[in-house]
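These notes concern the structure reproduced below.
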């Protein structure tokens, strides 16, 4: 995980010891440090194209606020389930 004292994203409270979220044009990444466990979830909405045939259409633009909410909720549920094991 990145140094939490550097500007590596927005801090998210209420999940793990430290949680940071970063987003760019087509990628959003949530990193959570909880004890010695590190969880990283990334969503990429970009389209890969090998240059052959027709270029695929651009993907729909996802709502960044909604995506951020879903990532945090899913990470919290995953961490809760893993702690039960």
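Overview of values
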{"quantity": "Whole-angstrom gap from the range 13-38 to the range 55-85, using each part's C-alpha centre", "calculated": "11"}
{"quantity": "Top of 16, 35, 51 by mean-square fluctuation, Gaussian network on the chain, Cα under 10 Å", "calculated": "51"}
{"quantity": "Mean shadow area of the chain, taken as a quarter of the surface of its Cα convex hull (nm²)", "calculated": "7.4"}
{"quantity": "Segments 56-62, 28-34, 18-24, 38-44 sorted - mean Cβ within 10 Å per residue, highest first", "calculated": "28-34, 18-24, 38-44, 56-62"}
{"quantity": "Helix-only mean residue ellipticity at 222 nm for the chain, each DSSP H run of n ≥ 4 adding -39500 (n - 2.57), per residue, nearest 500", "calculated": "-8500 deg cm²/dmol"}
{"quantity": "Folded to 0 to 90 degrees: helix 64-84 orientation relative to the chain principal axis, Cα", "calculated": "50"}
{"quantity": "Spin-label pair residue 17/residue 54, simplified geometry with 7 Å Cα→Cβ offset, distance in nm", "calculated": "5.2"}
{"quantity": "Label point distance in nm, residue 36-residue 24, each placed 7 Å from Cα along Cα→Cβ", "calculated": "3.2"}
{"quantity": "Whole-number percent relative contact order across the chain, with pairs defined as alpha carbons under 8 Å at least 6 apart", "calculated": "18"}
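Computed from the coordinates by the stated procedures, all read-outs in this text should not be read as laboratory data. All figures in this text were calculated on a predicted structure; none of them were measured in a lab. When we count neighbours, we look across all protein chains shown, and the Cβ atoms used for this are built from the backbone with ideal geometry, even at glycine.
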